[in-house]
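First comes the structure, then the notes that go with it.
The values are calculated or read from the model by the stated rules, or taken from the named source; none is laboratory data. Not measured: the values here are computed from a predicted model. Using ideal geometry, Cβ is built from the backbone for each residue, glycine included, and neighbour counts are taken over all protein chains shown. Protein only, heavy atoms only, side chains kept; ligands, DNA and RNA dropped before computing areas. Shrake-Rupley method; radii C 1.70, N 1.55, O 1.52, S 1.80 Å.
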Amino acid sequence: MSTLFVNTINEKTSGNGIAIPGHVVQMQFASNSTAITITTNNSYVDVVTLNFTLKFSNSKLFIMYTIQGVQVGTNTNSRLTPRGVRDGSTYLWTSNANFWTVSRNDDFRHGGWAYNHYDTPNTTNQITYKLQAKYDDPGSGGSINKDSNSGGSSIAIMEIAQ
């Protein structure tokens, strides 16, 4: 049996690196723990932005989003609507994250949500991924990342070789 030891493997031709199907080629992460207050109905705001360039055009991306929200005030029910966006106009997913009335007169209702999505953009050009959110009926104001100790909201992307 032989053993191969190397310090570095360099591509002879750019873009022809090693791609082992099913393995992670690269991972990138972006987060935002700055508080964002939303007082307008149905207006999406950018929460986290991550620019990502694939190494291989046929790779699949596994994207993980997390968002922290707080409903402020005594509205009966309010809904945070987060979504994932690619390059400003391709909506990858949308969800409703509800804050429901609690039995006591609580002025703050906290929530944290996680979303996973697969994307196959078929390019090696830079792609901009965004986590956006809006409040339907924000009452006295809905906040994103209100408590900086919560870790805030984030996007993590893993490129998976095919």
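Please name all residue pairs, on different chains or six or more residues apart, with Cβ atoms under 9 Å, provided the first residue is in the stretch 23-36 and is farther than 18 Å from GLY112 by Cα and the second residue is among the charged types (D, E, K, R). Sorted first by the residue in the stretch 23-36, then by its partner, the pairs are VAL24/GLU159; VAL25/LYS55; VAL25/GLU159; GLN26/LYS55; GLN26/GLU159; MET27/GLU159; GLN28/GLU159.
With respect to (1) under 20 Å from the mean Cα position of the chain (by Cα); (2) at pLDDT 75 or above, the lone exception for ALA161 is condition (1).
Could you tell me whether ASN145 is more than 17 Å from ILE63 (Cβ to Cβ) and modelled with pLDDT of 75 or more? Outline the logic, then answer.
Numbers: more than 17 Å from ILE63 (Cβ to Cβ): yes; modelled with pLDDT of 75 or more: yes.
Yes; evaluated as a whole, the condition is true for this residue.
This table checks each residue for (1) open to solvent by 70 Å² or more (accessible area, probe 1.4 Å); (2) outside any strand (DSSP E or B); (3) in contact with a strand residue (DSSP E or B) (Cβ under 7 Å, 6 or more places away or on another chain).
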residue: THR34; (1), (2), (3): yes, yes, no
residue: SER43; (1), (2), (3): no, yes, yes
residue: THR49; (1), (2), (3): no, no, yes
residue: PHE52; (1), (2), (3): no, no, yes
residue: PHE62; (1), (2), (3): no, no, yes
residue: THR66; (1), (2), (3): no, no, yes
residue: GLY69; (1), (2), (3): no, no, yes
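Of the numbered criteria (1) modelled with pLDDT under 95; (2) over 17 Å from TYR115 (Cβ atoms); (3) within 19 Å of the chain's Cα centre (by Cα), the one THR8 fails is (3).
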